[in-house]
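The values are calculated or read from the model by the stated rules, or taken from the named source; none is laboratory data. No experiment lies behind these values; they were computed from the predicted model shown. All Cβ positions, glycine included, derive from the backbone under ideal geometry; neighbour counts span all protein chains shown. Note: accessible area is taken over every heavy atom of the protein model, side chains too, but ligands, DNA and RNA are not part of it. Shrake-Rupley method; radii C 1.70, N 1.55, O 1.52, S 1.80 Å.
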Amino acid sequence: MAIKVCLDAGHYGKYNRSPGNRNYYESDMVWKLHLYLKEQLESYGISVVTTRDNQETDRGLYERGAASKGCSLFISLHSNATGNDMNEKVDYPVAYVLLNGRSDDVGLKLAKVVEEVIGTKQSGRTATRRGNNGEYYGVLRGANAVGTPALILEHSFHTNSVVTNWLLKDDNLKKLAEEEAACIAEHYGIKKLKSTVTDENKTATAFKPYLVRVSISDLNIRKGPGTNHSTMGKYTGKGVFTIVEEAEGKGAKKWGLLKSYSDKRNGWISLDFAKKI
Ligand SMILES: [Zn+2]
């Protein structure tokens, strides 16, 4: 089953400034976080739609929720407030979930992830809120109307100064995005797509260097494994080289990295013209 997630940056423009830290706007935090989360989810092969093209434009609550039509999950990202003043005692992460229970499970998991990553003193939890027309919150009403399990995820409180300082750091938001994406993927039983970097590292650690004798007298040395990489020199005269890494690439069955260049990870030769000795 293909999983598609709809991400909603909870507010637009410059909105909900922290009363204790003038650098913090909830709208800025959630804008960054939803883009990081999109990137992370996509690394699992999960497709993502967002409810806004840019941070400057407002869009109705119900409409944003309804934009999740056809999605497996709708998440609206926020940070919470206790009022117009700071309150250092309150920091619980909360997921507002649907009254019908369809987002309870993933909502609680995500609230616990936020608790763990931020390190809040109070525990992550779920809550529901009923209004006159079913769901109190417009985004949840909109998402529920199109049949999407939905939640509002409050990333603790911007009325708590420790949390506000924490949320101002991009690296922390990246960590949140990473763990939230891992949680969502796990919830749907999805494993991360293998990245080429990881594969390369694996090859490099498992690989035993070996000697080759070159069979032609003018062999190109290239910056990368493939004829699509530019040449950085030529080896003239047949000789013996140590190969410290192999890779697949354009123009040859296999490419070998020469030991003499390997500190910069360039200096590749086509192994079609080299024989293992
Ligand atoms: Zn909010």
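Scanning segment 83-93 for residues that are over 17 Å from TRP166 (Cβ atoms) and within 16 Å of the ligand (Cβ to nearest atom) turns up GLY83, ASN84.
So, of the residues in segment 1-36 that are aromatic (Phe, Trp, Tyr) and closer than 28 Å to LYS69 by Cα, which turns out to be nearest to the ligand (Cβ to nearest atom)? Even if it seems obvious, please write down each step before you answer.
Taking segment 1-36 and keeping what is aromatic (Phe, Trp, Tyr), we get 12, 15, 24-25, 31, 36.
In the following step, the residues that additionally are closer than 28 Å to LYS69 by Cα were identified as 12, 15, 31, 36.
Details: TYR12: 11, TYR15: 8, TRP31: 12, TYR36: 17 Å.
My answer is TYR15.
The set of residues in segment 137-174 being of a type in the set (S, T, N, Q) and closer than 28 Å to ARG22 by Cβ consists of SER156, THR159, ASN160, SER161, THR164, ASN165, ASN172. Of everything in segment 1-35 that's charged (D, E, K, R) and in a loop (DSSP other than H, G, I, E, B), which residue is nearest to TYR96 (Cα to Cα)? Residue satisfying both the conditions and the ranking: LYS14.
The set of residues from segment 1-47 being open to solvent by less than 10 Å² (accessible area, probe 1.4 Å) and of a type in the set (Asp, Glu) comprises ASP8, GLU26. Screening GLU186 on (1) under 30 Å from ILE3 (Cβ atoms); (2) open to solvent by 80 Å² or more (accessible area, probe 1.4 Å); (3) modelled with pLDDT under 90 shows it passes everything except condition (3). Taken together, LEU61, LEU77 contain a single residue that is within 15 Å of the ligand (Cβ to nearest atom) and under 12 Å from ALA9 (Cβ atoms), which is LEU77. Each residue in segment 223-270 was checked for being open to solvent by 60 Å² or more (accessible area, probe 1.4 Å), within 36 Å of the chain's Cα centre (by Cα) and within 17 Å of PHE207 (Cα to Cα), and 6 pass.
Mind checking whether some residue in segment 58-73 is at positive phi and open to solvent by less than 50 Å² (accessible area, probe 1.4 Å)? Walk me through how you get there before you give the answer.
Step one: list which residues in segment 58-73 are at positive phi, which gives 70.
From the residues that got through so far, the ones that are open to solvent by less than 50 Å² (accessible area, probe 1.4 Å) too are none.
The answer is no, given that none of the residues of segment 58-73 is at positive phi and open to solvent by less than 50 Å² (accessible area, probe 1.4 Å).
Across segment 123-173, the qualifying residues are those that are within 22 Å of ASN87 (Cβ to Cβ) and assigned to a helix (DSSP H, G or I), and the one among them that is most open to solvent (accessible area, probe 1.4 Å) is VAL162.
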